[in-house]
Amino acid sequence: MKRNKIIEFFKDLALFLYALFALFPLVWLVIISFKHDRDMFTTTFIFNPTLENYKIIFSDGSFIGYFIDNLIVSSGAIALSVIVGVPAAYALARFNFKGRETIAFTFLSFRFAPEIFVVLPIFLIYQQIGLYDTYFGLIWVFQVLSLPLMIWILRGYFEDISVEMEHAARMDGYTWWQVFLKMIMPLIKPGLVASALLSLIFVWNNFTFSLLLAGQDVMTTTVAMVGYLSSDTVHYGQMAAAVLISALPIIILALAIQKHLVRGLSMGAVKG
Amino acid sequence: MAAPEKKLSSEHAGRLNEPPVPSYTKEHKIPLSKKLRPYLILGPAFLLTVGILIPFGMAVIFSFTNYSFQYPSYNFVGLSNYLYIFQSASFWQSVKVTFMYAGLATLIETLLGIGIAMLLNRENLLARSLRIVLIFPLVIAPVIATLIWQLMTNNSVGILSKWLRMIGITEFKWAADPSSALFTVLIIDAWVFTPFVIILVLAGLRSLPKAPFESAMIDGGSAWFTFKNLTLPMIMPMLLIAILFRLMLSLQMFDIIFALTRGGPGDTLMTLPLTAYFEAFSYKELGASLPYMVILWVFVYVVSHYMVKYWTRTQRRASGK
């Protein structure tokens with residue numbers, strides 16, 4: 001028994017050390033966001049806290065605009081991925097047809113091309129057809145980022161739902177569409193929530209596409225945040241405040257759905 | 001980017017991982033409308049994503065030209081872009097760095113991810129309260145995470161450098177020194193992406209059946225024995241998805257290295273994407289830069305292809321088919 005306690009202690013210690021590594025930079029970020037620019041380069045924990053960085057960010061109004069832009073393109077991309085991805089994952093799981101594995105792999109392969117490889121041709125095309133610096137232009141490339149992960153996670157989910165249940169409901173006179181909405185959708189909800197959150201994180205934070213495919217009209221927070229550093233004076237405090245505000249929606253979302261998050265990923269993909 | 005077209009007809013689908021759907025699949029005469037249904041359902045997703053093939057195709061075509069941002073016209077130059085980079089030492093250096101970076105990052109994140117996920121999968125206060133908190137670093141954009149670490153490791157004012165000095169290490173220069181630059185980017189990469197492995201592995205662990213583990217405990221199997229023979233094979237499908245996505249994305253990693261050192265010091269961190277970027281934007285030679293990307297794409301494609309194959313096999317084994 002005593003040996004067990006010692007082992008548990010060391011396990012806790014290891015976990016604690018990792019947590020320190022994972023969380024300290026975030027704590028430091030919070031501290032920086034309350035520091036004056038002049039205190040930035042002192043590494044003490046004692047200083048006069050200030051809300052100035054937050055005030056500056058909100059006062060010129062542009063950051064709120066970037067935030068809304070980010071919200072529009074990210075949620076647009078995720079919505080689009082859900083609308084086309086859920087049926088696609090369903091088809092890949094339920095039907096046995098020619099080229100199924102090849103098609104599944106092709107969806108995955110949309111993520112193989114490095115972003116800066118495709119971004120230049122996309123840039124040229126977008127300027128031709130007028131999608132450069134538009135909401136839809138970004139939504140369209142972003143859903144290419146989110147769809148593969150979503151399809152691959154949801155596919156395992158659909159495979160877990162027994163087809164007999166689906167048939168029984170059809171026998172009872174429900175149309176295929178009703179069965180899909182009323183029975184299948186609730187069953188895959190945890191997986192959908194979890195994969196949507198993971199994709200949202202990738203899309204929300206994307207840098208390359210937002211930097212090169214959008215400019216004045218549509219600007220995402222990641223690009224804007226780097227901007228706080230590239231002007232002649234480096235404003236780490238404002239960047240930190242901006243980072244925290246921009247990470248807030250996802251952190252709140254993650255906390256709100258944390259029950260779904262782990263359970264949601266677990267059910268599907270394991271038993272496949 | 002898409003799998004070769006001829007595979008569509010030659011490969012008999014669905015041999016792998018057959019789903020329990022006899023009624024749809026085993027009928028002898030299937031009406032055409034039913035046969036087409038899966039393709040119709042897949043259609044929208046395919047149409048929406050397949051557009052990405054156009055820029056991809058354009059990029060491949062440009063890689064055979066001398067397209068340059070400096071001149072409006074361009075000519076086809078055949079394979080000479082490729083022949084040129086195969087002969088340059090900097091190309092082979094980038095290949096080496098790319099694989100070293102991706103391999104080490106994936107290895108570290110996988111091992112750490114499994115370890116931490118197992119530690120989190122216990123029912124005590126520490127584990128329960130950290131379960132959600134530990135994924136927070138994943139929420140920070142990689143390029144921003146890099147800036148935070150840059151501030152913390154800054155030689156004169158960074159808090160980590162200061163702490164190192166306090167314990168007597170004065171000569172550690174983090175990203176500024178060729179011998180520790182790779183180490184520094186790996187720390188940042190691990191900081192951002194280990195949580196990704198943690199969530200997926202944790203999800204796998206949470207769905208394990210209890211019975212086999214109880215009998216292993218009664219039989220007195222050691223912890224290592226249980227892990228090697230029970231836990232690991234059972235979480236393998238989930239673990240492989242995590243490894244696949246990590247390997248795929250770290251082969252292409254651009255943000256962290258670019259934000260931290262722009263590939264320096266010297267060429268220590270010049271991976272393929274960075275080399276291509278500088279070729280395109282500093283030297284304005286798009287045609288000469290694209291072969292790096294085409295080759296990188298081939299690497300990613302081949303690696304992922306074998307991983308997916310292995311994944312389908314493991315998946316079948318894990319579900320006992």
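Each value in this text was obtained by applying a stated rule to the coordinates, not by laboratory testing. Just so it is clear, the structure is predicted and the values come from calculations on it, not from any experiment. With ideal geometry, Cβ positions are generated from the backbone for all residues, glycine too; neighbour counts draw on all protein chains shown.
Shielding by partners for B:120-127, please: the mean number of other protein chain Cβ atoms within 10 Å of each residue's Cβ.
Other-chain Cβ atoms within 10 Å of each residue's Cβ, averaged: 3.
Is it possible to state the helix-based mean residue ellipticity at 222 nm for chain B, with each DSSP H run of 4+ residues giving -39500 (n - 2.57), the sum divided by total residues, to the nearest 500 deg cm²/dmol? What is it?
Roughly -22000 deg cm²/dmol at 222 nm, from the helical runs in chain B.
Relative contact order of segment B:115-260, please, whole-number percent, based on alpha carbon pairs below 8 angstrom and at least 6 residues apart.
Contact order relative to length: 30 percent.
Two decimals is fine: what's Rg over Rh for chain B, C-alpha atoms, Kirkwood radius as Rh?
Reported Rg/Rh, Kirkwood definition of Rh: 1.04.
For a quick size check, give me the Cα extents of segment A:1-97 along its three principal axes, largest first, whole Å.
65, 62, 17
With a point put 7 Å past each Cα toward its Cβ, work out how far B:THR314 is from B:SER88 in nm, to one decimal.
The modelled label-to-label distance comes out at 3.7 nm.
Given a Förster radius of 51 Å and the C-beta distance between A:ILE56 and B:PHE227 as r, what FRET efficiency does 1/(1 + (r/R0)^6) yield to the nearest 0.05?
After rounding, the FRET efficiency stands at 0.50.
Rounded to whole Å, give me the distance from the Cα center of segment B:147-224 to that of segment B:38-96.
Their Cα centres are 36 Å away from one another.
Take every residue in peptide B:304-311, count the Cβ atoms of other chains within 10 Å of its Cβ, and give the average of those counts.
Per residue, the number of nearby Cβ atoms from other chains is 3 on average.
What is the sum of charges, Lys and Arg at +1 and Asp and Glu at -1, for the other residues whose Cβ falls under 15 Å from the Cβ of B:ASN124?
Once positives and negatives cancel, what remains is +2.
Considering Cα pairs under 8 angstrom that are at least six residues apart, work out the relative contact order of segment A:1-152 and quote it in whole percent.
Relative contact order of segment A:1-152: 26 percent.
Once the other residues with Cβ under 14 Å from the Cβ of A:LEU149 are scored (Lys, Arg +1; Asp, Glu -1), what is the net sum?
+3
Amide H to amide H under 5 Å from B:THR65: which residues, 5+ apart in sequence or cross-chain, H placed 1.01 Å off N in plane?
When sequence neighbours closer than 5 places are left aside, the close amide H contacts are B:VAL77.
Using the structure shown, list the pairs from A:LYS98/B:LYS309; B:LYS210/B:LYS309; A:LYS11/B:LYS228; B:LYS34/B:LYS309 with a Cα-Cα distance above 23 Å, or answer none.
B:LYS210/B:LYS309; B:LYS34/B:LYS309
What is the Cα coordinate range of segment A:53-271 on the first, second and third principal axes, sorted by size from largest, in whole angstrom?
68, 39, 29
Filter the DSSP H helices in chain A by two things, a Kyte-Doolittle mean of at least 1.6 and an axial alpha-carbon span of 27 angstrom or more, and list the hits by number.
Counting only whole DSSP H runs, the qualifying helices are A:236-256.
How large is ³J(HN,Hα) for each residue in segment B:136-153, as worked out from phi by the Karplus curve 6.51 cos²θ - 1.76 cosθ + 1.60 (θ = phi - 60°), to whole Hz, x for Gly and Pro?
Result, ordered by residue: 3, x, 5, 6, 7, 4, x, 5, 6, 4, 4, 5, 4, 5, 4, 5, 6, 9 Hz.
If you wrap a convex hull around the C-alpha atoms of the protein assembly as shown and split its volume per residue, what is the figure in Å³?
Roughly 184 Å³ of hull volume per residue.
Between B:SER73 and B:ARG122, take the C-beta separation as r, use R0 = 51 Å, and let me know the FRET efficiency to the nearest 0.05.
E between B:SER73 and B:ARG122, to the nearest 0.05, is 0.20.
May I ask for the net charge around B:ASN155, where only other residues with Cβ less than 15 Å from the Cβ of B:ASN155 are counted and Lys, Arg are +1 while Asp, Glu are -1?
+1
Quote the relative contact order of chain B in percent (integer), defining contacts as alpha-carbon pairs under 8 Å separated by 6+ residues.
After rounding, I find 26 percent.
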